[in-house]
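The values are calculated or read from the model by the stated rules, or taken from the named source; none is laboratory data. All values reported here derive from a predicted model rather than from experimental measurement. Note that each Cβ is placed from the backbone with ideal geometry, even for glycine, and that neighbours are counted across all protein chains shown. Ligands, DNA and RNA are stripped out before the accessible areas are found, and what is left, the full protein with its side chains, is counted by its heavy atoms. Shrake-Rupley method; radii C 1.70, N 1.55, O 1.52, S 1.80 Å.
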Amino acid sequence: MIRILGAVLVVAASAGIGFSYSFRLGRRLEQLRQLQRMAMLLKGEISYGCAALPEALSCVGRKLPEPFARFLGQMAGRLREYPDKSFQEVFQEEAEENLEQSALTAKDKEALMQMGAFLGYLDKDMQLKTMELYLQELEREIEDAKDSVPGKQKLCQSLGIMGGLFLAILLI
């Protein structure tokens, strides 16, 4: 009886791990789309709104879901509070703090950091070109993810269940 209960728990835990990873893959795709929306809104604020960067960040942050709303809001607040700090430094600190628990990969975060490195100190045209380049890279990443995520999700779910069954058989 205890062996059967243990086997069921092993299968359930393994399946849970597989489904959890599958969910994380889907969440990454959604967060990439939110990053794309964030970059497009920021580009619009910079080019058409002619707002200062803290105000543009604050305005865009109100239009996005978490964790990006918190990220942009806190960054705007820190830029107002510490005007002598470089934008790149504030951007990097806030990204590390607020996007730590996101589903974004290290590659995604690195691309975001590179965009943030050039956003704060260049002239308006260069900032817009930087945003355009980031949007193109993001579009490619979203297309790749759209193509591969459904298959990877099914694979993770199947591997979770099958791995649990395999372990249960070994333990019995």
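Filter the range 151-172 down to the residues that are open to solvent by less than 70 Å² (accessible area, probe 1.4 Å) and within 23 Å of Arg27 (Cα to Cα) and list them by number.
Scanning the range 151-172 gives Gly151, Gln153, Cys156, Gln157, Ser158, Gly160, Ile161.
Can you tell me how many residues in the range 1-32 are among the β-branched types (Val, Ile, Thr) and open to solvent by less than 70 Å² (accessible area, probe 1.4 Å)?
So the answer is 2.
Consider Leu99 against the criteria (1) within 30 Å of Ala7 (Cα to Cα); (2) crowded, with 19+ Cβ neighbours inside 10 Å; (3) of a type outside the set (D, E, K, R): it satisfies all of them except one. Which criterion is unmet?
Single failed check for Leu99: (1).
Could you tell me which residue of the range 37-71 is modelled with the lowest pLDDT, considering only residues that are in a helix (DSSP H, G or I) and surrounded by fewer than 17 Cβ atoms within 10 Å (Cβ to Cβ)?
Residue satisfying both the conditions and the ranking: Gly49.
Could you check, for the range 138-149, whether at least one of its residues is small (Gly, Ala, Ser), within 18 Å of Glu30 (Cα to Cα) and assigned to a helix (DSSP H, G or I)? Please lay out each step first, then the result.
Keep residues of the range 138-149 that are small (Gly, Ala, Ser), which gives 145, 148.
Remaining after also requiring within 18 Å of Glu30 (Cα to Cα): 145, 148.
Still in the list and also assigned to a helix (DSSP H, G or I): 145, 148.
Yes.
Is there a residue in the range 79-86 that is part of a helix (DSSP H, G or I), of a type outside the set (Lys, Arg), over 10 Å from the mean Cα position of the chain (by Cα) and farther than 19 Å from Ala145 by Cβ?
Checked the range 79-86: at least one residue is part of a helix (DSSP H, G or I), of a type outside the set (Lys, Arg), over 10 Å from the mean Cα position of the chain (by Cα) and farther than 19 Å from Ala145 by Cβ.
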